[in-house]
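Nothing in this text is a laboratory measurement; each read-out follows from the coordinates by a stated rule. Nothing here was measured: the structure is a model prediction, and the numbers come from that model. So basically every Cβ, Gly included, is an ideal-geometry build from the backbone, and we count neighbours across all protein chains shown.
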Amino acid sequence: MSTDGGGWTVFQRRQDGSVDFYRGWNDYKAGFGQLTGEFWLGNDKIHRLTAVRPSSLRVDMEDWNGGKAYAKYGKLNIGDEQAQYRLE
């Protein structure tokens, strides 16, 4: 992803309601959906990505009328399954 200088990993995309995000623990652990459409990358994968080096989080949002906003957080770590994938 080239936004804000690039180097970002997209771990969730919701755009048209084609994928049901009302799911249980195991689905969020493993991930679901298709990378070309709506998806959740998976808590295990996100944990591994944030455990190997310092990470930041950028949340980009767009409403149905084309209005855009974002929030950027300077530090992000996702705990492992034993820590219930707690945000740190």
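Summing -39500 (n - 2.57) over the DSSP H runs of n ≥ 4 in the chain and dividing by its residue number, what mean residue ellipticity at 222 nm do you reach, to the nearest 500 deg cm²/dmol? Write down the numbers at each step before the final one.
On the way: 2 runs with 15 residues, N = 88.
So the calculated ellipticity at 222 nm is -4500 deg cm²/dmol.
How do the peptides 63-71, 25-33 rank, highest first, by the average count of neighbouring beta carbon atoms within 10 Å per residue?
Details: 63-71: 7.7, 25-33: 14.8.
By packing density, highest mean first, the sequence is 25-33, 63-71.
Taking 0.36 nm per intervening residue step and subtracting the Cα-Cα distance, what contour gain separates residue 84 from residue 62 on full extension? Working shown, then result.
Numbers: separation 22, 0.36 × 22 = 7.92 nm, distance 2.90 nm.
Extending this stretch completely gives an extra 5.0 nm.
Between residue 49 and residue 27, with labels modelled 7 Å along Cα→Cβ, what's the label distance in nm to one decimal, could you check?
2.0 nm
Using Cβ counts within 10 Å as a stand-in for footprinting exposure, how do 55, 2, 18 rank, fewest first?
Values: 55 17, 2 7, 18 10.
Ordered by Cβ neighbours within 10 Å, fewest first: 2, 18, 55.
So how far apart, in nm, are the two label points at residue 14 and residue 77 if each is 7 Å from Cα heading toward Cβ?
So the label points at residue 14 and residue 77 sit 2.8 nm apart.
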